[in-house]
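Have a look at the structure below, then the notes.
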Amino acid sequence: MSLKDVTIVITGGARGIGAATAAMAAARGANVVISDVIDEVGEATVAKIIAAGGRAIYAHCDVSSQSDVTALMETAAKHFGGIDVLHNNAGIHETMISKDFTFESMSVETFDRVMNVNVRGVFMCTKAALPYLKKSKKSPSVINAGSTASWVGYPFGLAYGTSKGAIALLTKNLAVALAPFGIRANCYCPASVDTDMVKDVTATLMAAAPADADTDSGGSPIDTHLVHRIGEPDDVAELVCFLASSQSSFVNGVNWLIDGGVLAWRDSVQSLGM
Ligand SMILES: NC(=O)c1ccc[n+]([C@@H]2O[C@H](COP(=O)([O-])OP(=O)(O)OC[C@H]3O[C@@H](n4cnc5c(N)ncnc54)[C@H](O)[C@@H]3O)[C@@H](O)[C@H]2O)c1
């Protein structure tokens, strides 16, 4: 699957799923723009791609900042002559920013921060990229990070799940809004993927759980995945690269589960301590 000379902007691309996508896309011929708030990690990810013979640049961008977002798209388009694909990948979970992450204890500020990064950031990045995507002749598209939490509730992660549910419908609405310009919008919905986010979230939930709780269930354990493993970042990168390519030109407005079968069946209410 070729992404030859396709320019892809990846938010939150310094590590995890974003970094895996960046490396895979570059290996398939793409021009990659990695943006993030952890600049040193992002620069190192770019250096690895260049060392492997790929084309990539790094640009700082907090997706909750309008000025950062505008500057990112300008930098990308200036450097590579346009933007063909926007990968809205940056995301946070409330357990990463606050110890008060139950519905009862969560502050409005925590809820707002999750929504600002996970939803408002996607809205702003897509608007800022639109003038460039409109000019693309390379099957332009927007690819959003959803989750199995876009589909169902989890014992913890109310703000995260709300934000990912919003992404599912934002994706469909973007598919409609961008169709007149020949731009597609799709969303990938992973279960647990082995990244720093999942390690952070799982560690926090385990630490917070009562001693007799089924702690596995808060962190999407391996045994809910019918394939007997959690995902690797490359599993998701394969799907994102497909969605970014012209080979997926008939795929539009989709929330694509990539979950090892987690949502093909039900977990037990015992996981809720009931
Ligand atoms: N890992 C999983 O199991 C999983 C499952 C479902 C969905 N997702 C989604 O996939 C995406 C990538 O997840 P990941 O597991 O690679 O996470 P990660 O935490 O490893 O990587 C996310 C990146 O986003 C960056 N980021 C955070 N806030 C930002 C901001 N305000 N502006 C710009 N960048 C910011 C982080 O610095 C980090 O580099 C996220 O949207 C996440 O919600 C992940």
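All of the numbers you see were taken from the coordinates with simple rules; none came from a lab. Just so you know, these numbers come straight off a predicted model, no measurement behind them. Here the Cβ is made from the backbone with ideal geometry for all residues, glycine too, and neighbour counts use every protein chain on show.
Seen from Asp36, the other residues with C-beta closer than 11 Å to its C-beta sum to a net charge of -4, counting Lys and Arg as +1 and Asp and Glu as -1.
With respect to the chain, whose longest principal axis is taken over its alpha-carbon atoms, helix 39-51 is tilted by about 60°.
Count charges around Gly146 for me, please; just the other residues with Cβ under 14 Å from its Cβ, Lys/Arg as +1, Asp/Glu as -1. Present the calculation step by step, with values, prior to reporting the outcome.
Values: positive: Lys164, Lys172; negative: Asp259.
Taking every other residue near Gly146 into account, the sum is +1.
Taking the longest Cα principal axis of the chain as reference, the axis of helix 121-133 is set at about 20 degrees. Which pairs break 32 Å Cα to Cα here: Lys48/Lys127; Lys172/Lys199; Lys137/Lys199; Lys48/Lys164; Lys138/Lys172; Lys134/Lys164? Among Lys48/Lys127; Lys172/Lys199; Lys137/Lys199; Lys48/Lys164; Lys138/Lys172; Lys134/Lys164, the Cα-Cα distance tops 32 Å for Lys137/Lys199. Judged by the gyration tensor of its Cα atoms, with axes a ≥ b ≥ c, the stretch 57-122 is prolate; a/c meets the 1.5 cut and a/b is the larger of a/b and b/c.
With the contact rule set at Cα under 8 Å and sequence spacing of 6 or more, what percent relative contact order holds for the chain? Could you put the intermediate results ahead of the total?
Values: 560 pairs, mean separation 53.2, N = 274.
Relative contact order for the chain comes out at 19 percent.
When only the Cβ of Lys, Arg, Asp and Glu is charged (+1, +1, -1, -1), the dipole of the stretch 67-196 relative to its Cα centre reaches about 800 debye. Relative to the longest principal axis of the Cα atoms of the chain, the long axis of helix 66-80 makes an angle of roughly 40 degrees.
Once you have the Cα-Cα distance between Trp265 and His79, take 0.36 nm times their residue separation minus that, and quote the gain in nm to one decimal. Spell out each step's value before the answer.
On the way: separation 186, 0.36 × 186 = 66.96 nm, distance 4.64 nm.
That works out to 62.3 nm of additional length.
Give me the net charge of Tyr132's neighbourhood, meaning all other residues with Cβ under 14 Å from the Cβ of Tyr132; Lys, Arg count +1, Asp, Glu -1. Before the final figure, lay out each step's value.
Numbers: positive: Lys78, Lys127, Lys134, Lys135, Lys137, Lys138; negative: Glu74, Asp84.
Result for the neighbourhood of Tyr132: +4.
Proximity of backbone amide H atoms, modeled 1.01 Å from N, is registered between Trp256 and Cys187, Tyr188, Cys189 at under 5 Å, excluding neighbours fewer than 5 places apart on the same chain.
Taking a ≥ b ≥ c as the square roots of the eigenvalues of the Cα gyration tensor, an a/c ratio of 1.5 or more together with a/b no larger than b/c marks the stretch 27-73 as oblate.
Using the crude model of +1 on Lys and Arg Cβ and -1 on Asp and Glu Cβ, and no other charge, please compute the dipole size for the stretch 1-117 relative to its Cα centre, in debye to 20.
On the way: 8 positive and 14 negative charges, 133 e Å.
In debye, rounded to 20, the stretch 1-117 gives about 640.
Give the shape of the stretch 220-274 as rounded, prolate or oblate, defined through the alpha-carbon gyration tensor: a ≥ b ≥ c are the square roots of its eigenvalues, a/c under 1.5 means rounded, and otherwise the shape is prolate if a/b is larger than b/c and oblate if not. Because a/c hits 1.5 or more and a/b exceeds b/c, the stretch 220-274 counts as prolate. Separation of the stretch 5-76 and the stretch 129-178, taken as the distance between their Cα centroids, equals 19 angstrom. For the chain, the spherically averaged projection of the C-alpha convex hull amounts to 13.8 nm².
Per-residue ellipticity at 222 nm from helix content only, as computed over the chain with -39500 (n - 2.57) for each DSSP H run of at least four residues, stands at -12500 deg cm²/dmol.
Here's the picture: charge each Lys and Arg Cβ at +1 and each Asp and Glu Cβ at -1 in the chain, and of Ile167, Val201, Thr126 the one pushed furthest to the positive end of that dipole is Thr126.
Between Leu226, Leu272, Asn252, the Cα set farthest toward the positive side of the dipole of the stretch 145-274 (charges on each charged residue's Cβ, about the Cα centre) is that of Asn252.
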